[in-house]
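To start, the structure under review is shown below, and the notes come after it.
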Amino acid sequence: MNTVTRRELPRPDRFRTAAGAALLTASLALTGCTGSTPPPAPSGSSSPGPTSTATPDSTAAPAPAPAAEGDIPQLVENLAPSVVTIFTDGGLGSGVVYSEDGLILTNEHVVRGNTRVEVAFADGQRVEGTVRATDPVTDLALVQANRTSLPKPAYQTNLPRVGEGAVVLGSPLGFENTATAGIISGLHRSIPGSASNSLSLVDLIQTDAPISPGNSGGAVINMRGEIIGISEAYIPPSAGAVALGFAIPAATAVEVAEELLADGTAEHAYLGLTPGELTPQIAGQLGIDARTGVVVLAVDDDGPAARAGIRPGDVLESLEGVDLTAPEKLLAELRNRNPGDTVGFKVKRQDQSLDLKADLIARPTSNTR
């Protein structure tokens, strides 16, 4: 494994406040599989028996009845065969059919640490699945299920409109084939405080359709029955949230899936630094007069940021004219860049204002942070 030497700001932990830590803990309630198990059977009822196992040449299901736009019961009935439950050694999550030959799209954190999984379908059949490729940066993965002739849904690669209807399909807390409904609440959302823990919680779709543990990797559909997102995360009620769920846009999911299919990896622009939140206290410690920006906590030696002259303690104020209001904003902007791009930064260093340019490279495969 390649190692990266990093230049760090002395004692970067001093920038972590109790409030920030609490927000981070509350925000990062990923709807993952770990710890999610099927619920117990109600008192007086028996647990379901073993389900049958499909063979690779399973025949296709009958074509679903057409649904009028907004006919939620028919939309759910039509899409249910395309949404699966993924069982791992650590728990369960959800997934969506990506191709008729058994390829399933899900979250990387659902299958993390596993090479073999079990895939359960709405018709009760369960088959073995092999984790084919993963991308921790976007939290997406492909699983090859041992079943063919699957109904592939339509993936809508245009962003939905705020206010339009949305339905979430998946297996929250092990309740398979569950549907919840709401609207699209926002676009281009990033979960505050997530940058120090994950690269994936940026540029997301927000919905008030309930998302819970076990929904991860499942479908978010519009009122035309198209996949508009892959369920990713939620902020729990314990943080004071009411129906705050997040999904990876279908356009991102399709782009990454196609890259993973091509060669098993997805390419991402790499800057080579660790961003942190700029607070008035941190600005005072650094001796700068800046109210917004992203503080640089560490820089990888010989990475793009280091070669551009960016140092630990610098404050990145903007990228190509876009104000950097939080570390997550920086990650979201980098998500839209490609290796080989040159990007300009406005940088604050003590009493200096600098214009620096960085030549982005492809993220090293050993570096997912």
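Bear in mind that the values in this text are calculations on the coordinates, not laboratory data. In this text, all values refer to a predicted model and were calculated from it rather than measured experimentally. Virtual Cβ from ideal backbone geometry, glycine too; neighbours counted across all protein chains shown.
Centre-to-centre, using Cα atoms only, the stretch 87-107 and the stretch 185-261 are separated by 16 Å.
Within the same chain, lysines fewer than 8 places from LYS329 are excluded, and of the rest, those with a Cα less than 21 Å from its Cα are LYS346, LYS348, LYS357. Here the gap between GLN285 and ARG116, fully extended at 0.36 nm per residue and compared with their Cα-Cα distance, gives a gain of 55.9 nm.
Dimensions of the stretch 238-354 based on its C-alpha atoms, expressed as ranges along the principal axes with the largest first, amount to 48, 42, 24 Å.
Net charge of the neighbourhood of GLU259, taken over other residues with C-beta under 13 Å away and scored Lys/Arg +1, Asp/Glu -1, is -3. A simple spin-label model places pseudo-atoms 7 Å from Cα toward Cβ; at SER99 and ASP301 they are separated by 4.3 nm.
Note on THR265 and ALA239: the extension gain reaches 5.8 nm, defined as 0.36 nm multiplied by sequence separation minus the Cα-Cα distance.
With R₀ set to 41 Å, the beta-carbon distance separating LYS357 from GLU77 gives a calculated FRET efficiency near 0.15.
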